[in-house]
Each structure stands twice: as structure tokens, then as C-alpha cells.
Amino acid sequence: MPRLSRLAAAAAATAAVAAGFRLSPWPSALLIRAVFYRGARQTAAVMRGHVPAGGVTEHRGVAFETDSGSGTLDLFVPEAAGEPVPLVVWIHGGAWLSGSRNDVEPYLRILAASGFAAAGVSYTRSPRAVYPQAVEEVAAALAFLEKHSADYGADPRRVVLAGDSAGAQLAAQLAVLATNPDYALRTGLPVPLSRDDLRGVILHCGIYDVAALDPLPGILGWGFRTALWAYSGKRDWSPTAAGRDMSVLNDVTGLFPPALITGGNGDNLTGTQSIPLAERLIQLKTDVRFQFWPRDHEPALPHEYQFLLDRPEAQQALTETLAFLKDVCSTDTPPKST
């Protein structure tokens, strides 16, 4: 092929690739997914070094029905508990377009070894699924666990929703559905469980005000805009149902369950997302506990720092998480809400 023809072919291929990135979220989503996949594997490897040996019974790949087909979850319970134990339902992160329940498996084993049943839930990732399919699938998992968790030694009357990153957004949204009837009516989304059964929420490094993500500069802003395009199904996601309903900062009420909120000082989401949610819950006089770090803390704690269990700060977050769980699940009577 003559040199000019090769250059023309290369230019055409480059233009086609560029057009693909402009016309569909798929190319960028797959690129982000690959980067996240590598990081999640490395983080899970760190956590595995801190999982106690034995003492946990596992139920892997438990199937449940959803409106879109079927889903799967893993459930880890303490051996020989003797009576039903509180249930933590963990929703994995990954910008709604990547991640897996396998990413949090070691953390769930740690929770189970500490006396709690811990379920990791899968949901269909975007762009294959668009909003609100992930919310509906996790709600279906909660309905399944409410009906069947006693069969596995878990107490469906003592449930804590938990999540990291995008999973924290989903956990917070499901908690609002359970505690704000006006929000449930407006969105038409399924109410996942009763307010009395929802003892608390654990929100690590989450997203609660999507409009605050739009002005973020550089590659971080590009990544979030891509993720929201993929998740909402629209490049201009702000006027969509996803853009309206995902921002639970606007819809939490005084009935929101006890919450534990964490974020690292090196994570841009802490100042724009986690701290504003904590401040809003304080205004509402709810039971909110939080763990943030000074801006000059060294080393700077990155997004998802709580899983880096070789670090003392992550161990402190784990200690706070276990103390929170024991507190909100310690009695048969749910804590009073204002």
C-alpha cells in the first residue's frame, strides 16, 4: 500500500474510533472497566491477607428472581451462631459500569467472622443495563433475603444496607425508598424492605449529589460523565430520571436510618459528596456517625481507602464499622427515628 494510502487509512481508523467515543458510552465504559478491574483485583488481594481462617459458612451463587431475569448473591454467615444473626447486605462499587460482588468478598468474610451474616449482591452493570435496573435488581435481592435469610441463619428483621462508591449511592437510595414514602411514590421504584427492619446504612466513599460531579475537571470529570452517560442511557443525563432520583442528598428525611459515612482526605468525593450528606443528616437530627480525615493527613487516603487493610486508617474504619453494626443491631427493637 502506498504511504499516502496508509496514512489515509490510519486517519480514517482514528476518526472512526473518535466517533465511536462520541456516539456511544461503550468504548469509554470498557476502558474504565478494564482500569477498575485491575485495581479491584489488587485491593481484594490486600484484604485477603486479613481474613481470619475458618469460622464462616459460605453460600455462593445463590439465585434470586428479578423483573429483568435472575440475579445472584453470595452469603457468608458465622458458623454455629446458634440463633439468627444480623444481616449486612453489601452493594459493590465500580461507577455502576464495573465491579463485582467478588471484589468485596474478603471484607464480607471479615464481617461474618465478626458475628454478622454478610451478603454480596450482583447487579447488571451499565451500559448493558440502564437506570433504574440496578436499583430494581438489588431491591429484588433484598426481597429474596427478607423471605429466605432465616434459612441461612440470618435475621431479616435486623438488616443493614452497605456499599462502597457507586454501591454506597445505591445503598443510600434504597434506604431513602424505605424511609421516604413521597420519594417512593414519585419514583415508582420498589420499596426494598420495611423501615423497622432497616437498622442502619454504611456508606463508604459514595455519591449522593450527582450534579456536583458535572464540573469536575480533567480525567476524573470525564470518567464520571462517561459513567453517568452509560448508567442513565443519555449523554445529557441531568434531565433524566437517573439525574433527578440518584441525588439522595435532596430526599433524605428525619426518618433516615442510623448512618456511618466515611471518606478519605485524598478522595475528591469526600468534600463534594460524603461531607455534605453527613451535614444534611446532622441538620435533620438523625443518628449519623462519620469518619473523615484532616486535609493535610499523610499519607493522603484515596478513594476506597477503607479496603486497604494494610493501612492503620483502614483498620480504624473497620473498627468503626464493626462497632456501628453491633450498636444498631444489638437489640430486637429498632432504634427510634426522629
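Details
- Helices (runs of 4 or more DSSP H) wholly inside segment 107-221 that include at least 3 residues being charged (D, E, K, R) and touching a residue at least 12 places away in the same chain (Cβ under 8 Å): 133-148
- Residue within segment 107-130 that is among the aliphatic types (A, V, I, L, M), open to solvent by less than 20 Å² (accessible area, probe 1.4 Å) and touching a Ser or Thr at 6+ places or on another chain (Cβ under 6 Å) present: no
- Residue selected from segment 289-310 under the condition open to solvent by less than 80 Å² (accessible area, probe 1.4 Å) and part of a strand (DSSP E or B), by the criterion nearest to ASN268 (Cα to Cα): GLN291
- Out of LEU213, LEU228, LEU185, sole residue that is surrounded by 20 or more Cβ atoms within 10 Å (Cβ to Cβ), farther than 17 Å from SER100 by Cα and over 16 Å from the mean Cα position of the chain (by Cα): LEU213
- Any hit, segment 323-333, residues being closer than 19 Å to GLY93 by Cα, assigned to a helix (DSSP H, G or I) and in contact (Cβ under 8 Å) with a residue 12 or more places away in the chain: no
- Here GLU320, GLU313 are screened, and the one residue that is among the charged types (D, E, K, R), open to solvent by less than 50 Å² (accessible area, probe 1.4 Å) and farther than 18 Å from LEU174 by Cβ is GLU313.
- Residues located in segment 64-77, provided they are over 20 Å from the mean Cα position of the chain (by Cα) and at pLDDT 95 or above: VAL77
- Matching residues, segment 231-245, being among the polar types (S, T, N, Q) and open to solvent by 30 Å² or more (accessible area, probe 1.4 Å): SER238
- Segment 222-245, subset among the basic types (Lys, Arg) and in a helix (DSSP H, G or I), residue nearest to ILE202 (Cα to Cα): ARG244
- Any hit, segment 162-169, residues being open to solvent by 10 Å² or more (accessible area, probe 1.4 Å) and either at pLDDT below 95 or in contact with a Pro (Cβ under 8 Å, 6 or more places away or on another chain) (or both): no
- Residue within segment 45-65 that is open to solvent by 10 Å² or more (accessible area, probe 1.4 Å), in contact with an Asp or Glu (Cβ under 6 Å, 6 or more places away or on another chain) and assigned to a loop (DSSP other than H, G, I, E, B) present: yes
- Test result for VAL56, in contact with a strand residue (DSSP E or B) (Cβ under 9 Å, 6 or more places away or on another chain) and modelled with pLDDT of 95 or more: yes
- Subset tally (residues that are part of a helix (DSSP H, G or I), over 16 Å from the mean Cα position of the chain (by Cα) and crowded, with 20+ Cβ neighbours inside 10 Å) for segment 246-288: 2
- Selection over segment 73-101 of residues that are touching a Gly at 6+ places or on another chain (Cβ under 8 Å), of a type outside the set (Asp, Glu) and either loosely packed, with under 15 Cβ neighbours inside 10 Å or not in a strand (DSSP E or B) (or both) gives a count of 9.
- Residue within segment 203-210 that is at pLDDT 95 or above, surrounded by fewer than 20 Cβ atoms within 10 Å (Cβ to Cβ) and in contact with a helix residue (DSSP H, G or I) (Cβ under 7 Å, 6 or more places away or on another chain) present: yes
- Flag for ALA129 being out of contact with any His (no Cβ under 7 Å at 6 or more places or on another chain) and modelled with pLDDT of 95 or more: yes
- Condition met for ALA154 (of a type in the set (A, V, I, L, M), under 24 Å from LEU284 (Cβ atoms) and crowded, with 21+ Cβ neighbours inside 10 Å): no
The values are calculated or read from the model by the stated rules, or taken from the named source; none is laboratory data. None of these values were measured; they are calculated from a predicted model. FYI the Cβ positions are ideal-geometry reconstructions off the backbone, even for glycines, and counts take in every protein chain you see. We work out accessible area using only protein heavy atoms, side chains counted, and drop any ligands, DNA or RNA first. Shrake-Rupley method; radii C 1.70, N 1.55, O 1.52, S 1.80 Å.
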